[in-house]
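K.L.:
Quick one: structure below, then a few questions.
The values are calculated or read from the model by the stated rules, or taken from the named source; none is laboratory data. Computed from a predicted model, the values in this text were never measured in an experiment. Glycine also receives a Cβ, built like all others from the backbone with ideal geometry; neighbour counts cover every protein chain displayed.
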Amino acid sequence: MSFINYSSREINCKIVYYGPGLCGKTTNLQFIYKKTNPEQKGKLISLATETERTLFFDFLPLALGDIRGFKVRFHLYTVPGQVFYAASRKLILKGVDGVIFVADSQIERMEANIESLDDLKINLAEQGYNLEKLPYAVQYNKRDLPNVAPLEELNKLLNADNVAWFEGVAPTGVGVFETLKSVAKQVLLELKKHY
Amino acid sequence: MAGSDLVMYEDEFQKIDEELQKLHQQANATVVFLVDKNGQLIASAGDTHDIDTTSLASLTAGNIAATGGIARLLGEKEFTILFHEGEKDNIHISLIGQRVILVVIFDQRSSLGLVRLRVKKTSESLTKLFDDITSKAEKEKLEGKTAESPFAEISDEDIDNLFK
């Protein structure tokens, strides 16, 4: 649900990073925070536990620039990935404009990936959204690790609809901006369709 | 898609701004904010200089969402008012018309009683304003009328430029 303010000439959109625990959602946001100019970003807010696991959400407001005189702002959120934070995940999906699913490429995390993707679809459906109709991209993260599943297999298991997908190594930024850009573009094109 | 986008034009924004200014004055508040339930800041009144308004908006919405989750677990529809008391500053958060969140920050120069009283008045006016905005948007959609849209002409190049 975007917020278009003709008075201050601003467009605000919400993008949510989803995925299983420890897949690198927060790391994606941290890299974006590190690499953007101070005037483009707000504070990176992390509501995390003492062990740096996301408890409720991370939040990063990002002002990308102007389109036709309108300031374009994206609000990036992550959900807590751990299974037992299901209630919190649902809340964060409220009013979402685009979703990025961050998958953990390691073979032993495949079940967690599938479970998280199912959870995403169920939670979206509960709020009246359909993942197939939402701006959406997949990031196969942790490609630098030795025990990763081949891309064909990941696509078969996690990307049945063949949406845009990217290889990622979030701590060094591989694929981070590419993934964000893909979904941001879809979100803006979606706005174009409606207005 | 669930729900619809919130589109706000100049005159509506002005009316909302007036209401907030009035509340800010009458409640003797430090700052007054209006936040969308999804965490987007809509408008503010008072001295916002030292406050990170974007973060405050997002966290307030998170707060309301979490409290709403608790309410549903208990079989309540929603808790419409939250109040946090600090050593110097206090914050009064209320949900208006299921859609927007009104945040009032105040110190010892005001009181909870006064804030509650004034917030109630403002809530009524804002509820009506947002009803008008919603019905106007629906009417325009029905008539297929759209104001000069910044998106109609948007090109791939425009979007690519954002990421340079």
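K.L.:
Would you call A:Leu47 more than 7 Å from chain B (Cβ to nearest Cβ) and within 27 Å of B:Glu157 (Cβ to Cβ)?
P.N.:
no
K.L.:
Scan B:Glu124, B:Glu153 and give me the residue that is of a type in the set (D, E, K, R), within 13 Å of chain A (Cβ to nearest Cβ) and either free of Cβ contacts under 8 Å to residues at least 24 places away in the same chain or over 25 Å from B:Met8 (Cα atoms) (or both).
P.N.:
B:Glu153
K.L.:
Follow-up question, since we're still on this one. Checking the condition more than 30 Å from B:Leu73 (Cβ to Cβ), modelled with pLDDT of 95 or more and basic (Lys, Arg), which residue from A:Arg68, A:Arg73, A:Arg109 passes?
P.N.:
A:Arg109
K.L.:
If you scan segment A:77-113, which residues turn out to be farther than 23 Å from A:Val176 by Cβ and over 16 Å from the mean Cα position of the chain (by Cα)?
P.N.:
A:Val83, A:Phe84, A:Tyr85, A:Ala86, A:Ala87, A:Glu108, A:Glu111
K.L.:
One residue is enough: does segment B:128-144 have a residue meeting the conditions in a loop (DSSP other than H, G, I, E, B), under 24 Å from B:Asp11 (Cβ atoms) and either within 11 Å of chain A (Cβ to nearest Cβ) or in contact with a helix residue (DSSP H, G or I) (Cβ under 7 Å, 6 or more places away or on another chain) (or both)? Lay out the reasoning, then the answer.
P.N.:
At the first step, the residues of segment B:128-144 found to be in a loop (DSSP other than H, G, I, E, B) are B:144.
Filter again for under 24 Å from B:Asp11 (Cβ atoms), leaving B:144.
In the following step, the residues that additionally are either within 11 Å of chain A (Cβ to nearest Cβ) or in contact with a helix residue (DSSP H, G or I) (Cβ under 7 Å, 6 or more places away or on another chain) (or both) were identified as none.
Looking through segment B:128-144, none of the residues is in a loop (DSSP other than H, G, I, E, B), under 24 Å from B:Asp11 (Cβ atoms) and either within 11 Å of chain A (Cβ to nearest Cβ) or in contact with a helix residue (DSSP H, G or I) (Cβ under 7 Å, 6 or more places away or on another chain) (or both).
One line per residue, one yes/no per condition, for (1) within 19 Å of B:Leu41 (Cα to Cα); (2) aromatic (Phe, Trp, Tyr); (3) at pLDDT 95 or above:
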| position | (1), (2), (3) |
| --- | --- |
| B:Ile81 | yes, no, no |
| B:Glu87 | no, no, yes |
| B:His92 | yes, no, yes |
| B:Leu95 | yes, no, no |
| B:Ser111 | no, no, yes |
| B:Leu117 | no, no, yes |
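K.L.:
Let me ask you something else. Taking segment B:103-116 on its own, how many of its residues are in contact (Cβ under 8 Å) with a residue 40 or more places away in the chain and surrounded by fewer than 19 Cβ atoms within 10 Å (Cβ to Cβ)?
P.N.:
The number of residues fulfilling the criteria is 3.
K.L.:
Specify which of the listed residues (B:Phe163, B:Phe106) is within 13 Å of chain A (Cβ to nearest Cβ), of a type in the set (A, V, I, L, M, F, W, C) and over 14 Å from the mean Cα position of the chain (by Cα).
P.N.:
After applying the criteria, what remains is B:Phe163.
K.L.:
Here are the criteria: (1) buried (at least 20 other Cβ atoms within 10 Å of the Cβ); (2) touching a helix residue (DSSP H, G or I) at 6+ places or on another chain (Cβ under 9 Å); (3) touching a residue at least 60 places away in the same chain (Cβ under 8 Å). Tell me which single one A:Val83 does not satisfy.
P.N.:
(1)
K.L.:
Which one of these is away from chain B (no Cβ under 14 Å) and among the aromatic types (Phe, Trp, Tyr): A:Tyr17, A:Tyr33, A:Tyr6?
P.N.:
Checking each option against the conditions leaves just A:Tyr17.
K.L.:
Let me ask another. Pick from segment A:114-139 the residues that are outside any helix (DSSP H, G or I), of a type outside the set (Gly, Ala, Ser) and within 14 Å of the chain's Cα centre (by Cα): which of them is nearest to the other protein chains (Cβ to nearest Cβ)?
P.N.:
For segment A:114-139, the residue satisfying everything is A:Leu134.
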